[in-house]
Amino acid sequence: MTASLFVNAVAFNAPGLGCAAELFAHFDGAPLAAAEAWTPMPERLPRRQALRLSESTRLAMLAAEQIAGAVPAQAAWVFASSTGDGWTLNEILASLSRPGMMIQPLRFQNAVHNAAQGQWSIAAGATGPATSIAAYDDSVGAGMLKAMMQAALERTDVGLVLFDAPLPPPLHEKRPVALPMAAAFALSPEPGAATLCRLALQVIAPGRPSDPAEAAVAQALRCSGNPVRFVLPLLERIHRADPRPLVLGLPGGAGLEVTVGEAPDAR
């Protein structure tokens, strides 16, 4: 399957990087300072309410907020995460191992993989279709593929959110992720006045993922082990208007080839 998507907004969040513009500045050589303790905090929720949510859910909502202005109210949303809410899962597993197995109902509510997508739908009043995807290290490619298919087949705008956060021990020993990281894209099947670029997408097999992004900041983020790192080459190509194709991994050994092109009204 092949399709075209148009990017209307981009977001990126990680310690020391509060938005995509800051990441792009580092692509151009700005030094990346060591970040102090960082707590992702979405603005749509009161701080007290936000702190009741896990780091991964707050991280996803923060990225979604940064593209929400470019996503129509009835648009579809796709949330892709390798692990979902690992902290809540860990607390439930720990509680099950103790006598009495006392688990708060709120924990069950937030343990499901679509917790972040559900919290965002409530906070943003988003009533369009919503999908939550988990595909381990191929979650970025799987999320982009879902967004591509939904935009192409249903002719609808899509907000795509990619996120993962560190797991607590002992889960961290099996799935080490050093840094929280999220990216988001406002995508549409047709270009608009605010379109940043065009993406040409094609499913290929076999599909070996492309080499990582070239900028020093991307190399540093790559070492985090966070699956969201696989979107960094795409973000770098968008920033540089680089037409070289790249490949995002898909489950089963296939790949999603992505080529960045100019927006139709670009001069």
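Odds and ends about this structure:
- Order of exposure, largest accessible area first, which applies to H26, H113 with probe 1.4 Å: H113, H26
- Along the range 197-202 the Karplus relation, 6.51 cos²θ - 1.76 cosθ + 1.60 evaluated at θ = phi - 60°, assigns HN-Hα couplings of 6, 10, 10, 9, 10, 8 Hz to successive residues, with x for each Gly and Pro.
- In percent, rounded to a whole number, the relative contact order of the chain is 26, using alpha-carbon pairs under 8 Å and six or more apart.
- Counting every alpha-carbon pair across the range 114-267, the share separated by more than 20 Å comes to 53%.
- Loop-located trypsin sites (Lys or Arg not before Pro) in the range 1-101 (DSSP state other than H, G, I, E, B) with a sparse environment of at most 16 neighbouring Cβ atoms within 10 Å: R52.
- Taking the 1.4 Å solvent-accessible surface of the chain as the whole, the part contributed by carbon and sulfur is 56%.
- Between the amide H of I133 and those of F79, A80, S81, distances stay under 5 Å, these residues lying 5 or more places away or on another chain, with hydrogens modeled in the peptide plane.
- Hull-based mean projected area of the chain, where the convex hull spans the alpha carbons, in square nanometres: 14.5 nm²
- Close amide H partners of C197, meaning residues 5 or more places away or on another chain with modelled amide H under 5 Å apart, are V7.
- Bins of 10 Å from zero: percent of alpha-carbon pairs in the range 37-101: 18, 39, 30, 11, 3
- Rounded accessible area of E190 (nearest 10 Å², 1.4 Å probe): 110 Å²
- The HN-Hα couplings worked out from phi for the range 63-78 by the Karplus form 6.51 cos²θ - 1.76 cosθ + 1.60 (θ = phi - 60°) are 5, 4, 4, 6, 10, 4, x, 9, 10, x, 4, 9, 5, 7, 10, 10 Hz, whole numbers, x standing for Gly and Pro.
The values are calculated or read from the model by the stated rules, or taken from the named source; none is laboratory data. Here the structure is a predicted model, which is why all the values come from computation and not from measurement. Neighbour counts are summed over all protein chains in view; Cβ atoms, including those assigned to glycine, are modelled from backbone coordinates with ideal geometry. When the accessible area is computed, the model is the full protein with side chains, heavy atoms only, and any ligands, DNA or RNA have been set aside. Shrake-Rupley method; radii C 1.70, N 1.55, O 1.52, S 1.80 Å.
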